1. Would it be correct to say that Asp193 is more than 16 Å from ligand 3 (Cβ to nearest atom), assigned to a loop (DSSP other than H, G, I, E, B) and under 18 Å from Tyr73 (Cβ atoms)?
2. So the check is Cβ under 6 Å with 6+ separation or different chains; which pairs have a first residue in region 182-210 that's among the small types (Gly, Ala, Ser) and a second one that's surrounded by fewer than 22 Cβ atoms within 10 Å (Cβ to Cβ) and in a helix (DSSP H, G or I)?
3. If you check Ile58 against the conditions, is it more than 9 Å from ligand 1 (Cβ to nearest atom), β-branched (Val, Ile, Thr) and not in a helix (DSSP H, G or I)?
4. Tell me which residues, restricted to region 212-253, are under 28 Å from Glu155 (Cα atoms) and exposed (fewer than 15 other Cβ atoms within 10 Å of the Cβ).
5. Pairs please, first residue from region 61-90 and farther than 20 Å from Glu154 by Cα, second anywhere and at pLDDT 95 or above and of a type in the set (D, E, K, R), Cβ atoms under 6 Å, 6+ apart in sequence or on different chains.
6. Looking only at region 111-129, which residues are closer than 24 Å to Asn139 by Cα, part of a helix (DSSP H, G or I) and charged (D, E, K, R)?
7. Looking for whichever is over 21 Å from Ser185 (Cα atoms) and surrounded by fewer than 16 Cβ atoms within 10 Å (Cβ to Cβ) here; the options are Asp124, Asp108, Asp171. Which one fits?
8. With the requirement that a residue be touching a helix residue (DSSP H, G or I) at 6+ places or on another chain (Cβ under 8 Å) and either at pLDDT below 95 or under 20 Å from Ile219 (Cβ atoms) (or both), what does region 19-47 give you?
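The values are calculated or read from the model by the stated rules, or taken from the named source; none is laboratory data. Just so we're clear, the structure is a prediction, and the values are computed from it rather than from any experiment. Glycine also receives a Cβ, built like all others from the backbone with ideal geometry; neighbour counts cover every protein chain displayed.
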Amino acid sequence: MRVTAQANLRDLAAHGIDPARLPEHVAIIMDGNGRWAQRRGLNRLYGHRRGKTSVRAIVQLSRKLGIRYLSLYAFSTENWGRPTDEVSGLMRLLKHYLTTELERMMKDRVRLMVIGNPRKLPKDVQQALRHSVEQTRHNDGLTVILALSYSAREEIASAMRAIARRVKRGDLEPEDIGEDTIAQSLGTAGIPDPDLLIRTSGEVRLSNFLLWQVAYTEIYITETLWPDFRERDFLEALREFQSRERRFGGVPEAPADQGRLRAAH
Ligand code: IPE
Ligand code: IPE
Ligand code: MG
């Protein structure tokens, strides 16, 4: 049976998902577009184009489920090193996505944010991005965080530069620099760390994505290539997330019975 977004909402329990324990922030490394196309003897750009449909599906479902933040790794700093026709094709797709989705984002109250270094993007893409971010800034539904021309190490370096400037101005004492000072100087300032990180296409690495923020994130890797990743796959990731025990360095929770036994002694 094909799982539709509408059916998912009604049938979360049937999928073994507790609507009360959904992650607040899901981050996705959307990988495998090139392989999807190559396996069909197509140009890699067909994979990127088809990947856009997956983005649309996952944004819609996240919104319907009431997930607050969805971070999407769309283009890394390192991706600039790809052949120029792939890079320019990706930029065209991005601009097309932004222009065609804006109306829907407004209707769905989706807020768009960007992390990374958009100044490196072509001028028309920068303009489309600025417009979408500006138009959607007061929307109070799902926040979609697009990582574009993004490098986590560069994000941390940039935070360090900002902090150093504050120290130099005399606004901050080095002793007062804590984890929070750093977190609030990153592109993701004010956004809770991801609870769940999904990577498609089977690679088991972070590829310079949100290195600071994923300290205690649950990681889910699937062999499914991003252009094939749809509602059913997202729900499976959520189900797996809910089966994990997050300890944050603590000890496993004692089952209720054991707790009672201990109390009785
Ligand atoms: C992810 O798919 C999209 C981007 C990095 C822009 P890839 O293009 O990396 O696809 P594979 O990994 O080569 O299959
Ligand atoms: C990570 O995928 C970047 C994005 C998904 C945008 P890559 O395909 O660039 O990563 P590597 O090269 O496999 O590490
Ligand atoms: Mg890849």
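1. yes
2. Short answer, once both residue conditions are applied: Ser185/Ala159; Ser185/Ala162; Ser185/Ile163.
3. no
4. Ala215, Tyr216, Arg246, Arg247, Phe248, Gly249
5. Leu61/Glu231; Arg63/Asp108; Arg68/Glu24; Glu86/Arg44
6. Answer for region 111-129, where residues must be closer than 24 Å to Asn139 by Cα, part of a helix (DSSP H, G or I) and charged (D, E, K, R): just Asp124.
7. Answer to the selection: Asp124.
8. Pro19, Arg21, Leu22, Pro23, Val26, Ile28, Met30, Asp31, Gly32, listed by residue number.
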